[in-house]
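Report on the following structure.
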Ligand code: PMP
Ligand code: GLU
């Protein structure tokens, strides 16, 4: 296992199961908790840790939820979701993504997090390898472990815009490979895979029976290239791609907890079975809200995406003034993921910076800015800055980061 991650598995309690002891705490949530604790002590912390839109959920979505409550739509729903929502999702996937699915191929879940866990639980046998494109979203690694699989990291470098190539995927495949897993647009790097790049990757996967593609497209609507491509639309891999998506990012609905997969029916059925034993159907009221999101217009979503683009440029511009920082230009999502290794080995007072985790703790306690270290994303030289915050907070946070880093000798 990645040494940084291992170091972050702190709480080993002998009475607990080996499974839970082997699980690392979600770094995003851990950093958010640390920031909250400091704020509770009265410290003015700027939180750029969680990947959470700072916008309100659009009004027509809220209204649909209110109506659902007033209509008494408060009962258990079918495990995979209400028929009208599954139908609306299938229509959206056809219209926007060129994916040909029926409602029976869709499983609606309590967040894309659950969709991912359902999928991995359905496909992965103990010891199966899952190739994860690194840098990766923190939870992938631990989710694969939960399914008793073996995460295999393939790294995209900053110089290559953090994108893993088809050749790298090919080199990582073994007889034990069961799936590849990645997000595009990517959390944490903002990398967006083009149609050509995904076609090359699909070709490599298609040459092997029994390897599946888990394509996390939750940042689909926050894409500054203007072109989102779904790998599952390629004929060569359409029967073995599980497309994961959700409402948290594009519709600013993090707290509503709503995600979905579109997959071959036998996989969708397996996810239904899994979910039926864990949570049952997602919240009835949220499903009505999601239906409004799927069928309503995207004006608010587009406005949010435009704001994220503006903020990306704002943060990148301010980062240029900070010594030693190297950053790529994210093409989607709302994160900046700079390499901060220039500061490793430097000190200020009792702070000795060995890695990006130390740097994040230093920036939190000394600079009062909360970020997430790259270790949990499989990139220990980097830190993640969420730009889903007001311009004012971003400018002030970058000022604090600059002066705090300048103290390190
Ligand atoms: N995938 C990625 C890449 C994410 O950043 C997130 C953010 N939480 C998720 C999945 C899960 O989203 P949610 O459970 O809120 O739908
Ligand atoms: N996906 C977001 C993030 O990466 C939300 C937190 C989480 O679920 O991990 O920060």
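Every read-out reported here was derived from the displayed coordinates using simple, explicitly stated rules and does not represent laboratory data. Only a predicted model underlies this, so the values are computations on that prediction, with no experimental measurement involved. As a convention, Cβ positions derive from the backbone with ideal geometry for all residues, glycine included, and neighbour counts pool all protein chains shown.
Miscellaneous remarks
- Region 14-28 residues that are more than 20 Å from residue 150 (Cβ to Cβ), paired with ones that are assigned to a loop (DSSP other than H, G, I, E, B) and away from ligand 2 (no atom under 16 Å from the Cβ) (beta carbon under 9 Å, 6 or more apart): 25/9; 25/10; 25/11
- Among the residues of region 156-175, the one identified as outside any helix (DSSP H, G or I), surrounded by 15 or more Cβ atoms within 10 Å (Cβ to Cβ) and more than 22 Å from the chain's Cα centre (by Cα) is 173.
- Selection from region 310-330 of residues that are in a helix (DSSP H, G or I) and farther than 21 Å from residue 160 by Cα: 310, 311, 314, 318
- Flag for residue 313 being without any contact (Cβ under 8 Å) to a residue 24 or more places away in the chain and under 22 Å from the mean Cα position of the chain (by Cα): yes
- Scan of region 250-294 for residues that are part of a helix (DSSP H, G or I), surrounded by fewer than 24 Cβ atoms within 10 Å (Cβ to Cβ), within 16 Å of ligand 2 (Cβ to nearest atom) and in contact (Cβ under 8 Å) with a residue 24 or more places away in the chain, ordered by number: 254
- Qualifying residue in region 33-54 (condition: under 26 Å from residue 143 (Cβ atoms), in a helix (DSSP H, G or I) and within 16 Å of ligand 1 (Cβ to nearest atom)): yes
- Region 90-103, residues that are more than 19 Å from residue 237 (Cβ to Cβ), surrounded by 14 or more Cβ atoms within 10 Å (Cβ to Cβ) and out of contact with any helix residue (DSSP H, G or I) (no Cβ under 6 Å at 6 or more places or on another chain): 91
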